[in-house]
Amino acid sequence: MIDLKSKEDIEKLKVANRIVAEILQIIKEETKPGMTGIDLDEIARREAEKRGVKPAFLGLYGFPAALCVSINEEIVHGVPKDKPIKEGDIVSIDFGVVYEGWYGDAAISYVVGNKISDRKKRLLEGVEKALYAGIDKCYPGNTVRDIAAAIEGTLKEYRLAPICDYGGHGIGRKPHEDPHVSNCVANAENVKLKAGMVLAIEPMATLGKRANYYRKLKDGWTVVSKEKAIAAHFEHSVAITEDGPIILSKLD
Ligand code: MG
C-alpha cells in the first residue's frame, strides 16, 4: 500500500531529511586518513544526539550500527569496521534519523583526501548524475519504471555496472514503505507516481564489468562487489508534488 503524504507531513519529512543531510556533510568533512568506519559511526551518533533525533538504522532489522559505512568495493549496508581509511579510498555513507516519528534517509559517496583517479571520478560523477536523472522523472503521471530507466541509462553512459537487487523505497512514518524503487528497468514496478508520494531514490553501481554482481560478507550485512570493483552510492529522499520533485535531504 502506498501512503500519500499531506503538505504538513512533507514539512516534517523535510526537517528529518535536512538533519540527515547536515550530518552526512559533517561526517564527510571530518573524514581523514587513519580514521575508521567506527569513528564515522561515532560522529553520526554524536550529531544525532546533539539534534535530539534518533539514528534510524541502529537496530533496524538488527543492523548493529547507526551509520552504514561502505568503503571501496563495499557497495551498500557496510557495517562500520575497525580498519583505518586511506587517502584515495571511496567512502559511501548512508544515514537515517527519526524526527517526531518521521524518517529521513540519504547517502553520499566521496573520496578521502584530494587525489582522485579519473576512473573514480567517473564513478562518483556517474552515480550522482544517475540519482538526479531519476529525480528528474519524479512528476505525477510518470512511473517508478521511468525512474529506473533514467538511472540505468545514466549509469550505462558512464560505463558503470548497476546493482539491481538493492534500490530505493517509499519513506514516511516507516523507514521503508512501498513502492520499491529499482535502479534497473528489468526489476522495476510499473507503479504510477502521484503527488504526495515520498521516495528515497538510491542508485548504486561499481566500476566492474558485470551488473548486479555482488556477495554479502560474513557479518550478514556488508554487500561487496564479487569482482572487487570500487562502488559508489548516492541517495536523496524526494517528495513528489503537482509542481514536480522537492529534494528533502538537500542543504540550501
Ligand atoms: Mg534508503
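In the chain, the DSSP-assigned H stretches of four residues or longer account for a calculated mean residue ellipticity at 222 nm of -9500 deg cm²/dmol, using -39500 (n - 2.57) per stretch and the full residue count as denominator. For segment 141-201, GluC sites (Glu not before Pro) are listed when DSSP marks them as loop and at most 14 other Cβ atoms sit within 10 Å of their Cβ; the list is Glu189.
Each label was represented as a point 7 Å from its Cα along the Cα-to-Cβ direction; for Asp243 and Met1 these points are 3.1 nm apart.
For the chain, the alpha carbon positions stretch 46, 42, 34 Å along the principal axes, listed from largest to smallest. Given the pairs Lys137/Lys250; Lys5/Lys216; Lys7/Lys192; Lys86/Lys120, which span a C-alpha to C-alpha distance of over 26 angstrom in this model? Checking Cα-Cα distances, Lys5/Lys216 exceed 26 Å. Accessible area per residue for segment 156-252 is 46 Å², calculated with a 1.4 Å probe on protein heavy atoms, without ligands, DNA or RNA. With each label modelled as a point 7 angstrom along the Cα→C-beta vector, the Glu8-Glu125 pair spans 4.6 nm. Under a Gaussian network description of the chain, with springs only between Cα atoms under 10 Å, the residue in Lys83, Lys137, Lys174 that fluctuates furthest is Lys83. Listed as lacking a disulfide-compatible partner in the chain: Cys68, Cys138, by the criterion of no other cysteine Cβ under 4.7 Å.
Using a 1.4 angstrom probe on heavy atoms only, work out the carbon and sulfur share of the accessible area of the chain in %. Carbon and sulfur: 49 percent of the exposed surface of the chain.
Placing +1 on the Cβ of every Lys and Arg and -1 on the Cβ of every Asp and Glu, with nothing else charged, gives segment 7-247 a dipole about its Cα centre of roughly 640 debye. Among the GluC sites (Glu not before Pro) within segment 56-134, those in coil by DSSP and having at most 16 neighbouring Cβ atoms inside 10 Å are Glu87, Glu100.
The values are calculated or read from the model by the stated rules, or taken from the named source; none is laboratory data. Just so you know, these numbers come straight off a predicted model, no measurement behind them. Heads up, the Cβs are rebuilt from the backbone with ideal geometry, glycines too, and the neighbour counts pull from every protein chain shown. Accessible surface is based on the protein model in full, side chains and every heavy atom, while ligands, DNA and RNA are left aside. Shrake-Rupley method; radii C 1.70, N 1.55, O 1.52, S 1.80 Å.
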